[in-house]
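The values are calculated or read from the model by the stated rules, or taken from the named source; none is laboratory data. Predicted model only: the values in this text are computed from it and were never measured. Heads up, the Cβs are rebuilt from the backbone with ideal geometry, glycines too, and the neighbour counts pull from every protein chain shown.
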Amino acid sequence: MGSKDFKRMNLLDLKNGVCAVIAEKSSRDLIVSCTEAFALGADLVELRLDFLEEDFSIVEILKSVAGPTLVTIRRKNDGGRWEKGEETRLQILHQAQISGAHAVDLEVDCFHRFSKSDNCIRILSYHDFSKTPDFIHELHKEFESHRPELVKIACLANSNSDFAKVLQLYKNANLPLVAFCMGSIGFPSRLLSLRQDGCPWMYANFSENLVNAPGIPLFKNLISTYPVKNLSNETRVYGVVGDPIGHSLSPAIHNACFKDLNYPGFYLPFHVSVSDFSQAINEFNGIPVEGLSVTIPHKERAFKIASTSSDLVKQIGAANTLVKTNVGYHAENTDATGIIAAIKTKLGDSLKSMNVLVLGAGGVSRAAVFALKNAGCNVKLTNRSEERAEMLAVDAGVQNIPWSQRGNFNSGLLVNCTSVGMHPNKDDSPWDSKWFTKGHIAFDTVYNPIETRFLREAAEAHAVTIDGVEMFVHQAAEQFNLFTSLKAPLDVMRRTVLEKLRSKNN
């Protein structure tokens, strides 16, 4: 079925659509990728002709594409690769408009040269790859005054307030609109836009080799992780905040559970810097984000910013979970639950009088120290920063060992609560291999990769090992229960995280 069979289709009638962006170097590869994208469920494809490195015929390409097409030729000064001349570019776009394309992407300086067509919509687009300008609302209104069939606005987010500002455009939109922020900070806005009235589709990059916009999701990852087709303004929003956040598997496991239980929610990764944390939480409250998982480096800040906290959180002084209430966010700590569950799964129920050394003094470390002490263990801790370690030791009433002397702990439970060894720094370890003995039980709270260097070297010394997956699953399950008041399907969580980790390592 060729694109001519879709001639009557109005792309503006789409809801929760996914536009697969096809950026290839040859016409043949472009056509093959289009076929694959439609087979995998794309609603339309964007043909990024500026990536082609050969002469081409847009007429022949359109004849060969079996589905709705959006034709784009982005100039170099607009963030694309086109350098062959403006008149040539406009001629190709005109030819596309009359030869079966369902949409053409146009900039404001050339929009007046394209007449309205019954079969091909005109997208008036704006891109800023450095920032989200303060005048974005005025620009949106000015673009609408040109009367295109759809307005597209894409700006780089340098803070979470940037993407919140762009999402506000939908409230006053009189024409169909696709507005989002680029970059890792802006990623959530791509999906949140689909909850807005008047947004027909979002963009996803089909090729792994050619990236055409910062922060754009890979098509196969998007459709396998997020419930794109089920999003509406009634869908409840959850997420994880951290810096960095791209490695997190929390979106995959929580969204898998929502799907398994047919729950109307979806879960996003929010990239939040230390300096942006307080402002970001305010923005999330307004979306609203119903619940947040909190990871490095924000766990202590989450406790301080919460309106209310559980007794355990107050004891630990750090939170990994924020749940929205009528008075703000309530703080909980499910790391403690996950740590004890992971250890008991391997060692059995009795932890009383076990000797423990906790490596690190951050948020996870605080949870581990208090949880293990409450379980009856003899806990010591060590951290590269002596001052930070001493503060935690005083708070918890445990002994602090100097970092340089940690190797003297030659038997017992050794818990790595640092981020050392986490993806992508897989070759790092907080423990020298020569210090391991068969009297150690090595527990790494890092779950990506499954087997860290810390665990691998412990196993080589015939020590018992406990990976971070079980802790991750149990703490996430408790978060899910807090978010939804439902019982998390542990088997779904465990299967999802293992599948994702193994696929990353293959």
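From the list 337, 295, 308, pick out the single residue that is at pLDDT 95 or above and of a type outside the set (Asp, Glu). Let's see the steps before the verdict.
On the way: 337 fails: at pLDDT 95 or above; 295 fails: at pLDDT 95 or above.
Only one candidate passes the filter, namely 308.
If you filter the stretch 48-71 down to residues that are in a strand (DSSP E or B) and in contact (Cβ under 8 Å) with a residue 40 or more places away in the chain, you find that the one that is nearest to residue 105 (Cα to Cα) is 70.
One line per residue, one yes/no per condition, for (1) surrounded by 21 or more Cβ atoms within 10 Å (Cβ to Cβ); (2) assigned to a loop (DSSP other than H, G, I, E, B):
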position	(1), (2)
77	no, no
87	no, no
90	no, no
95	no, no
101	yes, yes
115	no, yes
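Looking only at residues of the stretch 443-453 that are modelled with pLDDT of 95 or more and under 21 Å from residue 494 (Cβ atoms), we find that the one that is surrounded by the most Cβ atoms within 10 Å (Cβ to Cβ) is 444.
In this structure, is residue 228 at pLDDT 95 or above and either assigned by TED's automatic domain parsing to the domain that holds residue 187 or farther than 16 Å from residue 321 by Cα (or both)? Considered against the rule, which asks whether it is at pLDDT 95 or above and either assigned by TED's automatic domain parsing to the domain that holds residue 187 or farther than 16 Å from residue 321 by Cα (or both), residue 228 comes out as yes.
Pick from the stretch 117-141 the residues that are of a type in the set (Asp, Glu) and loosely packed, with under 14 Cβ neighbours inside 10 Å: which of them is nearest to residue 212 (Cα to Cα)? Among those residues, the one meeting the criterion is 134. Considering the stretch 428-442, the residues that are outside any loop (DSSP other than H, G, I, E, B) and out of contact with any Phe, Trp or Tyr (no Cβ under 7 Å at 6 or more places or on another chain) include one that is surrounded by the fewest Cβ atoms within 10 Å (Cβ to Cβ), namely 434.
Tell me yes or no: at least one residue of the stretch 157-178 is among the hydrophobic types (A, V, I, L, M, F, W, C), in the same structural domain as residue 218 (by TED's automatic domain parsing), outside any helix (DSSP H, G or I) and under 21 Å from the mean Cα position of the chain (by Cα). Yes, the conditions are met somewhere in the stretch 157-178. Residue 39 is checked against (1) within 18 Å of residue 212 (Cβ to Cβ); (2) of a type in the set (Gly, Ala, Ser); (3) without any contact (Cβ under 8 Å) to a residue 24 or more places away in the chain and fails just one. What number does that condition carry? Every condition holds for residue 39 apart from (1).
Among the residues of the stretch 241-259, are any touching an Asp or Glu at 6+ places or on another chain (Cβ under 8 Å), surrounded by fewer than 23 Cβ atoms within 10 Å (Cβ to Cβ) and either at pLDDT 95 or above or part of a helix (DSSP H, G or I) (or both)? No: the stretch 241-259 contains no residue that is touching an Asp or Glu at 6+ places or on another chain (Cβ under 8 Å), surrounded by fewer than 23 Cβ atoms within 10 Å (Cβ to Cβ) and either at pLDDT 95 or above or part of a helix (DSSP H, G or I) (or both). In summary, residue 49 fulfils each of the numbered conditions (1) within 24 Å of residue 184 (Cα to Cα); (2) at pLDDT 95 or above with the single exception of condition (1). Those strands (runs of 3 or more DSSP E) of the stretch 355-427 that lie entirely within it include none in which at least 1 residues are more than 14 Å from residue 454 (Cα to Cα), in contact (Cβ under 8 Å) with a residue 60 or more places away in the chain and under 34 Å from the mean Cα position of the chain (by Cα). Screening residue 35 with (1) modelled with pLDDT of 95 or more; (2) surrounded by fewer than 24 Cβ atoms within 10 Å (Cβ to Cβ); (3) assigned to a loop (DSSP other than H, G, I, E, B) gives one miss only, at (3).
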